[in-house]
Amino acid sequence: MGEMIKLTAADGHEFDAYKATPSGTPKGGICVIQEIFGANAHIKEVADGYAADGYLAIAPALYDRAERGVDLGYTPEDMQAGRDFRAKVGDDGPMADIAAVVKELQSAGKVGTVGYCWGGTLSFLAATRVDGVSGSVVYYGGQIVPYKDETAKAPLQMHFGDMDAGIPMEDVDQIKAAQPKADVHVYHADHGFNCDHRSQYDEESCKLARERSLAFFAQNVG
């Protein structure tokens, strides 16, 4: 279903992206934003899933600003490598890449974003900083609190797990208080509950969160 394409950000940086095209006329576009593990097999599967539901989906390789072709697994060594890559690229460059993806997706209609882990934080920032975003879904974005008071220009939906040691419920409460219009859901699950490649995967929470995400995109994107 998918293919690799190249896109160029406003600052001239060229990066790879995985593009999954629906079989019929797209309902709209979805930018799928990676975890710290790169635009790996799981993220491509997520993009394929949104394409199967009728959206043109593109997942940018955000680590291309540091090293091309990063595709990590989920071992402790992979996790440390992911943290190192994330530190190298920061947030501003990846946000420029996401803005380029949003622009590319506008050929399909309205555009939403969905992100996981680090990508969840970036999806939140897409709602506050990127023009042309019609709705953003956030899965367990762990670094939102420093940005929580930014003004959202698009509707937000968020998914957190109450067993997530990296995002205490106090953080979730702060985010809810700062973004009272956001549609926030908490599951009895751990960090990474959406990823069926990880031991933290929780099928019930994953299914429910995805149903809610699709309903949100149907309302705000098409």
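A few remarks follow.
- Checking each residue in the stretch 84-129 for being under 23 Å from Thr25 (Cα atoms) and of a type in the set (Lys, Arg) picks out Lys103, Lys110.
- One residue from Phe193, Phe217 being of a type in the set (Phe, Trp, Tyr), assigned to a loop (DSSP other than H, G, I, E, B), surrounded by 16 or more Cβ atoms within 10 Å (Cβ to Cβ) and touching a residue at least 24 places away in the same chain (Cβ under 8 Å): Phe193
- Scan of the stretch 50-76 for residues that are of a type in the set (Asp, Glu) and touching a Gly at 6+ places or on another chain (Cβ under 9 Å), ordered by number: Asp71
- Under the condition of being surrounded by fewer than 17 Cβ atoms within 10 Å (Cβ to Cβ) and touching an Asp or Glu at 6+ places or on another chain (Cβ under 9 Å), the residues counted in the stretch 172-185 number 1.
- The stretch 116-132: number of residues that are farther than 22 Å from Lys6 by Cβ, touching a Lys or Arg at 6+ places or on another chain (Cβ under 7 Å) and not in a helix (DSSP H, G or I): 0
- Top-ranked residue of the stretch 19-59 - restricted to ones that are surrounded by fewer than 19 Cβ atoms within 10 Å (Cβ to Cβ) and of a type in the set (A, V, I, L, M, F, W, C), ranked as nearest to Glu104 (Cα to Cα): Ala52
- Scanning the stretch 161-179 for residues that are without any contact (Cβ under 8 Å) to a residue 40 or more places away in the chain and either of a type outside the set (A, V, I, L, M, F, W, C) or within 21 Å of Arg86 (Cα to Cα) (or both) turns up Asp162, Asp164, Ala165, Gly166, Ile167, Pro168, Glu170, Asp171, Asp173, Gln174, Lys176, Gln179.
- Pairs meeting the criteria (first residue in the stretch 60-84 and on the phi > 0 side of the Ramachandran plot, second residue surrounded by 13 or more Cβ atoms within 10 Å (Cβ to Cβ), beta carbons under 8 Å, at least 6 apart or on different chains) are Gly69/Asp16; Gly69/Ala61.
- Where Arg212 falls short, out of the listed (1) exposed (fewer than 15 other Cβ atoms within 10 Å of the Cβ); (2) assigned to a helix (DSSP H, G or I): (1)
Every number here is computed from the coordinates shown, using simple stated rules; none is lab data. Keep in mind that what you see is a predicted model, and the values were worked out from it rather than measured. Cβ sites come from the backbone with ideal geometry, for glycine too, and all protein chains shown count toward neighbours.
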